[in-house]
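The values are calculated or read from the model by the stated rules, or taken from the named source; none is laboratory data. Since the structure is predicted, the reported quantities are computational estimates derived from the model, not experimental observations. Backbone-built Cβ (ideal geometry, glycine too); neighbour counts: all protein chains shown. Surface accessibility is based on the protein's heavy atoms, side chains included, excluding ligands, DNA and RNA. Shrake-Rupley method; radii C 1.70, N 1.55, O 1.52, S 1.80 Å.
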Amino acid sequence: MSENKAGGEGARAAAQAILSDVLRKRRPLDAVTDNVLARADLSSRDAGFARAISHETLRRFGQLDALIKTFISKPPAPHRSGPTIEILLAGACELLFLDVAPHAAVDGANRLAAADNKAVHFKPLINATLRRISREGKDVLAGQDAARLNTPDWLWRRWCDVYGEETARAIALAHLAPPPLDLFGRDLSSLRALANAAALPGDAVRVRDAGRVDELPGFADGCWWVQDFAASLPARLLGDVKGATVIDLCAAPGGKTAQLAAAGANVIAVEREPHRVMTLRENLARLKIEAEVVEADLRDFAPNERVPFVLLDAPCAATGTIRRHPDLPWVKSASDIGACADAAAELLDAAAGMVAQSGLLVFAVCSLEPEEGAEQIAHFLRRHPEFARKPLNASEVFGLEELVSADGDLRTLPCHLSAQGGMDGFYATRLRRRP
């Protein structure tokens, strides 16, 4: 590894490549990051720096974009300037949000520009702009509305309509902090001893600034799994599953399967995508947890008999997970919500056919959008009069009344448990098939 790479040049080049792929080609951040870092010859430290730059730039994209436009009245056209805009965004992020020394951030941006046959012509602009940002940027930030700028119009309007502006603002502010790591399992004692760990309801541990997951104590021994606190709640709505058969649909990466199996259920975990099936199997093997794993599209899956419990965590627009996926507001649009809702309706109909008489069906999505949650269920109940909602009460979610909707559904928001670091946004409902 060259000295320059070790000093951060390689990390900055990787971050710029990640940002270009996400912002220009609207590709998912996680997949792009994995691909870029797999090709890059980086130390663990520089790979972490590349992730920090790219993730925080996207988390603060609205602010950074507005800030740059205060210093450059007419940004250069991308087809002429190559990655100039991405270099500026990342450089400003380093200066203002990652607390990188000004000389290092500016020099690193200049080196990136010099290495690109288009951006090199804009090197004087990059240099002058970042130097001004290093002097004046924090004053500009102080006058910005961070919650509003970092939430694109299409989401802001929706959340104001659904939740009201005060709650929409609280959601947007919750997205600005990197999320902690929530861990569940059979032995969390070594995690509880960490200085940056705290207890959560349900015998879980929350770790802030966790670093690499596979380097935390107990990982190699399969003592625990990663699962956001909100994501752990839908399986709880099934109640006592000990000794019963539970079908877990769209099961990967396996947190809910592990949760149900640990509660004594006989779990049939159904997943369609081969690479996700592999991840599911690997996670269960590490945890030493047994479950029947089925690689199938759930619409084609027919259990030998109907079962008393079915859990469907359906694919969705995932707007409840923006804390973890800060690219989502900038790579998705309102049209994705409708498409996801239509697809989930078909999956929900198929899941309903697997539920025995008097059995329970829990439907969940990590979305904040009503079309994917309450409206989806309203349509389902009109199509399926053989099902009825079984409302939950606060005692089933650790007495957290704010998580229970007026209809008795689960409705978590990123701003819930804010003092402890928030949670993902989830919707879940519990439905009983009539006898």
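With the highest mean first, a sort of the peptides 57-65, 171-179, 393-401 on other beta-carbon atoms found within 10 angstrom per residue produces 57-65, 171-179, 393-401. Over the chain, accessible surface divided per residue gives 44 Å², non-protein components excluded, 1.4 Å probe. Between Gly254, Met354, Cys366, the Cα set farthest toward the positive side of the dipole of the chain (charges on each charged residue's Cβ, about the Cα centre) is that of Cys366.
Pairs of Cα atoms nearer than 8 Å and 6+ residues apart set the relative contact order; for the chain it is 13 percent. By DSSP, what percent of the beta bridges with both residues in the chain are antiparallel, rounded to the nearest 5? Just about 55 percent of them are antiparallel. Labels on offer are (1) 23.2, 74; (2) 21.6, 67; (3) 21.0, 63, and the one holding Rg and Dmax of the Cα atoms in Å computed from this structure is (1).
Backbone amide hydrogens, once placed in the peptide plane, bring Val293 within less than 5 Å of Ala269, excluding anything fewer than 5 places away on its chain.
Distant-in-sequence amide contacts of Val307, defined by a placed amide H-H separation under 5 Å and a gap of 5 or more residues or a different chain, comprise Val355, Ala356.
Taking amide H as placed 1.01 Å from N in the peptide plane, Thr245 has its amide H under 5 Å from the amide H of Asn266, each at least 5 places away in sequence or on another chain. Here the accessible area of the chain is 50 percent carbon and sulfur, with a 1.4 angstrom probe and all protein chains present.
Note on segment 139-189 and segment 209-247: Cα centroid distance 24 Å, given to the nearest whole angstrom. The count of lysine pairs in the chain whose Cα atoms are under 16 Å apart, excluding pairs fewer than 8 places apart on the same chain, comes to 5. The phi torsions of segment 142-159, fed into the Karplus equation with coefficients 6.51, -1.76 and 1.60 and a -60° offset, translate into couplings of 4, x, 8, 9, 4, 4, 6, 5, 8, 10, x, 3, 5, 7, 4, 4, 4, 5 Hz, rounded to whole numbers, with Gly and Pro shown as x.
Here segment 85-130 is treated with +1 on each Lys and Arg Cβ and -1 on each Asp and Glu Cβ, and its dipole about the Cα centre works out to around 180 debye.
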